[in-house]
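Pasting a structure here, questions to come.
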Amino acid sequence: MPGTPTNWTITRRSESEKPFFVVYEESGSSLDVDFQRDPLRVRYEWVASTEVFANWTTPHGTAIPRDHAETIRKRIELWAYRQGLQVGFVPRSMLQEWDRMAASLRRSRRSSRLTSVVLLLAMILATLVRRRIGLPAVIVGILSLGMLAYSYRPIKGLDPNGSP
């Protein structure tokens, strides 16, 4: 790649093991990439926002060309792989949605394993839709979620402990 610097470093920096961030440095510029635990842990253990590759951290606000941002992302993925880390990059909106769902579950008095399973299935369905998996598979998945949620409704007349 012409014009791509060959002298670059990636350093892991964090106060603890979770979350952590890495600093990518090259030619007087640096980029901080914050990772957090992937709440689903289906494909990755750690995730970061794809939007982090828009601008350098130092010098602040300087745009990163799209093709070079892709090179940086691949370098970080390769570095992480060599460190034994499973990392991925997702849109910021998805990270915010996961945070919102997690906060909602923590607040809910009725959060249960079933709720977690339903949310996991919903996220998997969302991934299938984004990856353009066939519409019949998505419809079957949505119907399955509906049946699962319907079958969990409490039976009237039972006290909260489940005894008649």
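Would you kindly find the accessible area of ARG43, with a 1.4 Å probe and non-protein molecules such as ligands, DNA and RNA excluded, rounding to the nearest 10 Å²?
Ignoring ligands and nucleic acids, ARG43 comes out at about 140 Å².
Further question on the same structure: Mind running the shape call on the stretch 20-88? Use the C-alpha gyration tensor, a ≥ b ≥ c as the square roots of the eigenvalues: rounded below 1.5 for a/c, prolate if a/b tops b/c, oblate otherwise.
Values: a/c = 2.06, a/b = 1.82, b/c = 1.13.
Prolate.
Taking 0.36 nm per intervening residue step and subtracting the Cα-Cα distance, what contour gain separates ARG100 from GLU25 on full extension? Mind showing how you got there, number by number?
Working: separation 75, 0.36 × 75 = 27.00 nm, distance 3.22 nm.
Between ARG100 and GLU25, full extension yields an extra 23.8 nm.
The values are calculated or read from the model by the stated rules, or taken from the named source; none is laboratory data. In this text, all values refer to a predicted model and were calculated from it rather than measured experimentally. Note: areas computed on protein heavy atoms with side chains; ligands, DNA, RNA excluded. Shrake-Rupley method; radii C 1.70, N 1.55, O 1.52, S 1.80 Å.
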